[in-house]
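The next block holds one structure in the form of structure tokens; read it before the comments.
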Amino acid sequence: MKWLSLRALSGSPPMGIHNLSLLRYGFLMSGGQAIIRYDGPILADHKMDVEDIAPAMLALAELCKRANAIANGDRASVKLLIDLDTEQHCAQFGVQIIQTFLDQAKSFFDDQHVKTASDIMAFIGLTGTTGGIVIGGPVIGLFKLLKWLKGRQPDSATMTVKDGRNVMQISVGGDMVLVHPVAAQMLYDPIAMKSAKDVLRPTRKEGYEKVEFEHQNEVSETLTKQDAILIDAIQVIEKKAEKETVIPASSIRATVKIRKAIYEGNGKWTIQYDKSREVTMGDETWLADFQANKVDAPPGSYLDVDISVAAIHLDKDDKPIEEPHYTITKVNGVVPAPEQIELPNHQS
């Protein structure tokens, strides 16, 4: 069998970007690579018609941009660069993802919500893992989802939690699969779906039989001509925004008990409020005094505090999708622990 493959990859930071100040408005490229391989007798001489390859690669570029826009909004942008790999025994092109962050360097080093180029590849389904969730196991990316649908329209998409992370449960005809939220959003996005279909367009043509995605020397996904035809038949229906129940952010004043204090740095404190909760100590002045031993408040002490509670998003059963975030914005003072009164021992 003769085939042609395309390698999608993202590289290391360019030479010279070692000084943090240079990263203020610079590039941050994250590692990860995949191979996209078209297979069929039409590729007997390892050559592919430009009318087939060009639209497919433009579609891949658009799909990556769309996935990045869904995942990162305007915090980052991506572009793809293609270069010829002459060392292969086939016509193979390297596709490099360059991700640009338009923010302070510290923010994208600290912000775990910014998704990298490797994450984007996994959301699309070119590679296998991202963000601690295995894509290709119980939680899958876009192309595997499209193959799984077999041309069917999804009946529902519901947010749920798996291993402490939000995932989308897609249901159709009694079957169910878990997908990454970004992949689920792409399923209902007309631009992303058109791009995904166009990446597979060559496979639907005569002379082509399949396209494979390979990651770390293992084929992560194979889409046959029949798969591509069924995927092309899926109608793109923009998902209407479901009414979401949100308990708005609030502030309260309360007396809480210290269960675990942080004596150095900015780690999470543990307090007893309605139950044991981890909180951020946001009163930096009081924290500095406490850590300098200017305030006596050992574990077991009570604090009079102002607490801000982040907005709480509820699922369809009005249960929190995830635990709300608590921040102590001000410590008003240390409250003496209630004294234990010893009852007299009446002996008969």
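Just so you know, all these numbers are worked out from the coordinates, no wet-lab data involved. This is a predicted model, so every value here is computed, not measured. No Cβ is skipped: glycine too gets one built from the backbone with ideal geometry, and neighbour counts run over all protein chains shown.
Structure values in brief
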{"read-out": "All-pairs alpha carbon distance profile, the stretch 246-335, 10 Å steps from 0, percent", "value": "17, 50, 23, 9, 1"}
{"read-out": "Contact order relative to length of the stretch 246-335, as percent, for alpha carbon pairs under 8 angstrom and 6 or more apart", "value": "36 percent"}
{"read-out": "Over 32 Å between alpha carbons, listed pairs 79/144; 65/225; 47/79; 79/268; 115/268; 65/275", "value": "79/268; 65/275"}
{"read-out": "Ranked by how many other beta carbons lie within 10 Å on average, peptides 56-64, 254-262 from highest", "value": "56-64, 254-262"}
